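Just so you know, all these numbers are worked out from the coordinates, no wet-lab data involved. No experiment lies behind these values; they were computed from the predicted model shown. Don't worry about glycine lacking a Cβ; one is built from the backbone with ideal geometry, like all the others, and counts go over all protein chains shown.
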């Protein structure tokens, strides 16, 4: 059965494998080490050189847009003290990316396979079966 774009989004938001819905994207003992392959279906999760840049960009963008820009604006407008704004920005720039690391990987896999669903093994295998008939 093909994996639909809706399933890809649902699985991505839940932090699951986009192919099978498995829960283990990351090594059990390592918070920041993604599995090379999904332990449930064997799909390659880290797709090689440069693939890590997708989660990096998502993490950076969310941190800047959701946290740093509003704090800068509050500091500039005088709602909070400038020193407090700088302290919050530094703390947020360190803590938020750490907290979003796993989620950004899941979101990147979701975005990647949303636009390229034919690259999922479940969809790829079925396409070949359809071609053979």
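Spin-label model, residue 13 to residue 90: label points 7 Å out along the Cα-to-beta-carbon direction sit 3.8 nm apart.
The label-point distance for residue 2 and residue 124, in a model that sets each label 7 Å from Cα toward Cβ, rounds to 1.7 nm.
In this label model, residue 115 and residue 24 are separated by 3.1 nm, measuring between points 7 Å along each Cα→Cβ vector.
Peptides 45-57, 13-25 ranked from most to least packed, by the mean per-residue count of other Cβ atoms within 10 Å: 13-25, 45-57. The angle between the Cα long axis of helix 53-63 and the longest principal axis of the Cα atoms of the chain comes to about 40 degrees, rounded to the nearest 10.
Pull out the extension gain between residue 77 and residue 64, defined as 0.36 nm times the separation in residues minus the alpha carbon to alpha carbon distance; nm, one decimal. Spell out each step's value before the answer.
Numbers: separation 13, 0.36 × 13 = 4.68 nm, distance 1.79 nm.
Taking residue 77 through residue 64 to full extension adds about 2.9 nm, to one decimal.
Only one of [x] 22, 16, 15; [y] 38, 15, 11; [z] 50, 16, 12 was calculated from the structure for semi-axes √(5λ) of the Cα gyration tensor in Å, and its label is [y]. Sorting 1, 43 from the fewest to the most surrounding beta carbons within 10 angstrom yields 1, 43.
For 98, 89, 58, what ranking results if the residue with the fewest other Cβ atoms within 10 Å of its Cβ goes first?
98, 89, 58
In the chain, the calculated helix contribution to ellipticity at 222 nm averages -18500 deg cm²/dmol per residue, counting -39,500 (n - 2.57) for every DSSP H run with n ≥ 4.
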